[in-house]
Amino acid sequence: MKVCGVELKSNEAVVTLLSFSGGLFDLPPFRVRRITLLNSEDGESLRKFQFDFNKLMSDYQVDKVVIRQRPTKGRFAGSAVGFKMEAAIQLIDGLDVELISSNAVKTSLSHTPLPIDFRETGLKAFQEAAFTTAFAYCNLPDINAD
């Protein structure tokens, strides 16, 4: 199973690709680290963001996209632009998208901690949340039951 972890920050979707099989994960080469929405006020920019995201998922034959859910209120609340990007991703035909809460990520990682230090993955520091989101999703109990 190929899972794309996504963290939405400002006007960017930070992405990481994780291949998961038989309890082992691999980080295949991935040509993009983030996809940027250039103008959140323009419908054409949003369609381009959606097209670029879909093309990337199609090119790498991603099975599942997992977006780290952001709170709607409070100090760490997501922005309107972030929610637009989230909706654009969720509305891509044929793409299996799921939101995962920060609490679910923490719970999953407490049951199955990362087997290596993040710095050893070769990913950039800003990709850590996207990576842990994908890793946590792959280790949720109901996923492994299949």
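Each value in this text was obtained by applying a stated rule to the coordinates, not by laboratory testing. Quantities reported herein were computed from a predicted structural model and do not represent experimental measurements. Neighbour counts run over all protein chains shown; Cβ positions are idealised from the backbone, glycine included.
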*Out of the range 90-110, which residues are under 18 Å from P71 (Cβ atoms), part of a helix (DSSP H, G or I) and either in contact with a Ser or Thr (Cβ under 7 Å, 6 or more places away or on another chain) or among the hydrophobic types (A, V, I, L, M, F, W, C) (or both)?*
A104, V105
_Restricting the range 88-105 to residues that are free of Cβ contacts under 8 Å to residues at least 24 places away in the same chain and touching a helix residue (DSSP H, G or I) at 6+ places or on another chain (Cβ under 9 Å), the residue that is farthest from L27 (Cα to Cα)_ = D93
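Under the condition of being part of a loop (DSSP other than H, G, I, E, B) and hydroxyl-bearing (S, T, Y), which residue from the range 23-82 is nearest to the chain's Cα centre (by Cα)? Working first, answer last.
Going through the range 23-82, the residues part of a loop (DSSP other than H, G, I, E, B) turn out to be 23, 27-33, 37-42, 60-63, 69-79.
Now restrict to residues that are hydroxyl-bearing (S, T, Y): 40, 60, 72, 79.
Numbers: S40: 20, Y60: 14, T72: 18, S79: 17 Å.
Ranking the qualifying residues of the range 23-82, first place goes to Y60.
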*Enumeration of residues in the range 78-98 that are at negative phi and exposed (fewer than 15 other Cβ atoms within 10 Å of the Cβ)*: S79, A80, F83, A87, Q90, L91, D93, D96, E98
*asked:* Could you check the range 1-22 and list, in sequence order, the residues that are more than 16 Å from the chain's Cα centre (by Cα) and either part of a strand (DSSP E or B) or within 17 Å of V97 (Cα to Cα) (or both)?
replied: S21
*Just one of I67, I35 is surrounded by 19 or more Cβ atoms within 10 Å (Cβ to Cβ), free of Cβ contacts under 8 Å to residues at least 24 places away in the same chain and closer than 20 Å to L17 by Cβ; which is it?*
I35
*Quickly run through the range 6-32 and pick out the residues that are under 15 Å from V65 (Cβ atoms) and hydroxyl-bearing (S, T, Y).*
T16, S19
